[in-house]
Each structure stands twice: as structure tokens, then as C-alpha cells.
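Here is the structure we will look at, set down as C-alpha cells.
The values are calculated or read from the model by the stated rules, or taken from the named source; none is laboratory data. In this text, all values refer to a predicted model and were calculated from it rather than measured experimentally. Backbone-built Cβ (ideal geometry, glycine too); neighbour counts: all protein chains shown.
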Amino acid sequence: MILAPSLLSADFGNLKKDIELINESEADWFHIDVMDGVFVPNISFGQPVIKCIKKFAKKPLDVHLMIVDPDRYFEDFQKVGADIITVHYEACNHLNRSLSSIKSLGMKAGVVLNPHTPVNALEDIIQECDLVLLMSVNPGFGGQSFIDNTYSKIRQLKELIIRKSPNCLIEIDGGVSLQNFKKLIDSGADCLVAGNAIFASENPIKTIKEFKS
């Protein structure tokens, strides 16, 4: 199981400290949410901050673009250190072209589905995906409650992947905790994004170890 702590929940006043904490932990990726205040009702951070993160990070940067017209920025994010880029199905007019552009820049490419978007929307594009990120909360803010229908969507997506794209990973983002992560893995998830569950815990290193157990 791949664990990707979300830096959206980190202490921005001590960001280097939290980056080094993840470096020293058993976590696998850094998950970075980029929000523009248009596609989602919040603004996070952009390329200058990611460039700074990359300077200290010793693990891959999993960059989740919650923005309109994401194709305009793929090269910019590649230059500041993104290793993986995921784009929202709902934000891309030409999804096949978007995924091809990301891969042509040497990054892994993924698609994100909002909670209301059905898995069968990926029927004709799944072969192009290195991963699919299922939102288990409505995107835009950390600390939301997990949407239980996600388990069913994971199982549906797993069936599609087995049938058409066996190397594609399933990533889950939103409300992931020590209480539900085992059920998520049992349902078919390969990668979990955890924010508050890690950074708001008394001992983040220990919490990461529990996830990885």
C-alpha cells in the first residue's frame, strides 16, 4: 500500500520541518493539492511553493490539480518537480490529450473523479491512466467526513481495471483514517492520501507506521 501524506494539512509555518518528517517516515509520496478558487472554493499554493517543497523532498511529488484548464500548466509543474500529475475528469475537455501531454513530459498521469462522477465515465480512457484518484469527500477543503459510497466505487473501478488496464493504481483522497484504511485496501485501493489523520495526530511518525502496517 502506498501512503501519500497530504501537505495541505501540514504546518505552513514549519513546512520544511513537516517535509523532513515525511522524508524520515515510512510514507511513500508527498500529496500536493493545487486549488485555484474557481474549480473548487478554496485556494492553496502553486508552483513557487512546490519548487521549494521539491528542494527538500526525498520522495515523489504527487500533484493533484483542482484547477480549470489544467493543460496550460503541465510544463510549469514538471519544471518545479512534479513526478505525478492527476487532473479532474470534470475539468478536462479533451482528457486523452491531457494525459498524453503529461506523459510526454516524463510524468505519470492520472484522472480524478469527484464523488458524483460515475466510474463508467472512464470506460474509454482507463488504458491511458497510470492511476485513478477517487475523491471520497467533495474537493476543496481538508477535514471533511468520508463518503461511504466510495467503497462501492472502488470495487467497480477495480473490476474495470482488471478488465482493461491491470497496471493502473487506485488512489483515495478524503476522510482517510486509521478507522477506515483497512476496509479501503480490502475494497481494492492501492494508494491512500491522508492529511489530518497524520498531521493532527500526536505522533505523525507513529501514525504513518500504523497505516503502513
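Inside segment 1-33, can you point out the residues that are touching a Gly at 6+ places or on another chain (Cβ under 6 Å) and either surrounded by 22 or more Cβ atoms within 10 Å (Cβ to Cβ) or assigned to a loop (DSSP other than H, G, I, E, B) (or both)? Please lay out each step first, then the result.
Initially, segment 1-33 is screened for residues touching a Gly at 6+ places or on another chain (Cβ under 6 Å), giving 6, 8-9.
Residues satisfying the conditions are Ser6, Leu8.
Consider only pairs whose beta carbons are under 6 Å apart and that are at least six residues apart or on different chains; among these, list those whose first residue lies in segment 125-152 and is farther than 20 Å from Leu3 by Cα and whose second residue is among the aromatic types (Phe, Trp, Tyr) and modelled with pLDDT under 95.
Pairs that qualify, where the first residue is farther than 20 Å from Leu3 by Cα and the partner is among the aromatic types (Phe, Trp, Tyr) and modelled with pLDDT under 95: there are none.
When the residues of segment 36-75 are filtered to those that are among the polar types (S, T, N, Q) and over 15 Å from the mean Cα position of the chain (by Cα), which remaining residue is nearest to Ile22 (Cα to Cα)? Can you show your working first?
Within segment 36-75, the first condition is being among the polar types (S, T, N, Q), and the residues that meet it are 42, 44, 47.
Retained after the next criterion (residues that are over 15 Å from the mean Cα position of the chain (by Cα)): 42, 47.
On the way: Asn42: 25, Gln47: 20 Å.
Going through the qualifying residues, I end up with Gln47.
Sort through Ile154, Ile170 and tell me the only one that's within 17 Å of the chain's Cα centre (by Cα) and closer than 22 Å to Val34 by Cα.
On the way: Ile154 fails: closer than 22 Å to Val34 by Cα.
Matching residue, one of Ile154, Ile170: Ile170.
Of the residues that sit in segment 162-213 and are touching a residue at least 60 places away in the same chain (Cβ under 8 Å) and of a type in the set (Val, Ile, Thr), which one is surrounded by the fewest Cβ atoms within 10 Å (Cβ to Cβ)?
Ile205
Being crowded, with 18+ Cβ neighbours inside 10 Å and in a loop (DSSP other than H, G, I, E, B) is the filter here; which residues of segment 84-109 pass it?
Cys92, Met107
Looking at segment 116-125, is at least one residue closer than 22 Å to Lys153 by Cα, aliphatic (A, V, I, L, M) and surrounded by fewer than 17 Cβ atoms within 10 Å (Cβ to Cβ)? Walk me through it before giving the result.
The first filter runs over segment 116-125 and keeps only residues closer than 22 Å to Lys153 by Cα, leaving 116-125.
Filter once more, so that each one left must be aliphatic (A, V, I, L, M): 119, 121-122, 125.
So of that shortlist, the ones also surrounded by fewer than 17 Cβ atoms within 10 Å (Cβ to Cβ) come out as 121.
For segment 116-125, residues closer than 22 Å to Lys153 by Cα, aliphatic (A, V, I, L, M) and surrounded by fewer than 17 Cβ atoms within 10 Å (Cβ to Cβ): present.
Out of all the residues in segment 50-73, which are buried (at least 16 other Cβ atoms within 10 Å of the Cβ), farther than 15 Å from His31 by Cβ and of a type outside the set (Phe, Trp, Tyr)? Reasoning before the result, please.
Kept after step one, since they are buried (at least 16 other Cβ atoms within 10 Å of the Cβ), are these residues of segment 50-73: 50, 52-54, 57, 59-67, 70-71, 73.
Next cut, farther than 15 Å from His31 by Cβ only: 52, 67, 70-71, 73.
Those that are buried (at least 16 other Cβ atoms within 10 Å of the Cβ), farther than 15 Å from His31 by Cβ and of a type outside the set (Phe, Trp, Tyr): Cys52, Ile67, Pro70, Asp71.
If I go through segment 40-69 residue by residue, how many of them are assigned to a loop (DSSP other than H, G, I, E, B), free of Cβ contacts under 8 Å to residues at least 60 places away in the same chain and either aliphatic (A, V, I, L, M) or within 19 Å of Val87 (Cα to Cα) (or both)?
Step one: filter segment 40-69 for residues assigned to a loop (DSSP other than H, G, I, E, B), giving 40-42, 44-46, 57-60, 67-69.
Restricting the remaining residues to those that are free of Cβ contacts under 8 Å to residues at least 60 places away in the same chain gives 44-46, 57-60, 67-69.
Restricting the remaining residues to those that are either aliphatic (A, V, I, L, M) or within 19 Å of Val87 (Cα to Cα) (or both) gives 44-46, 57, 60, 67-69.
Summing the residues that are assigned to a loop (DSSP other than H, G, I, E, B), free of Cβ contacts under 8 Å to residues at least 60 places away in the same chain and either aliphatic (A, V, I, L, M) or within 19 Å of Val87 (Cα to Cα) (or both) in segment 40-69 gives 8.
Using the structure shown, decide if Leu134 is in contact with a Lys or Arg (Cβ under 6 Å, 6 or more places away or on another chain), buried (at least 22 other Cβ atoms within 10 Å of the Cβ) and at pLDDT 95 or above. Talk me through it step by step, then tell me what you get.
Values: in contact with a Lys or Arg (Cβ under 6 Å, 6 or more places away or on another chain): yes; buried (at least 22 other Cβ atoms within 10 Å of the Cβ): yes; at pLDDT 95 or above: yes.
In short, yes.
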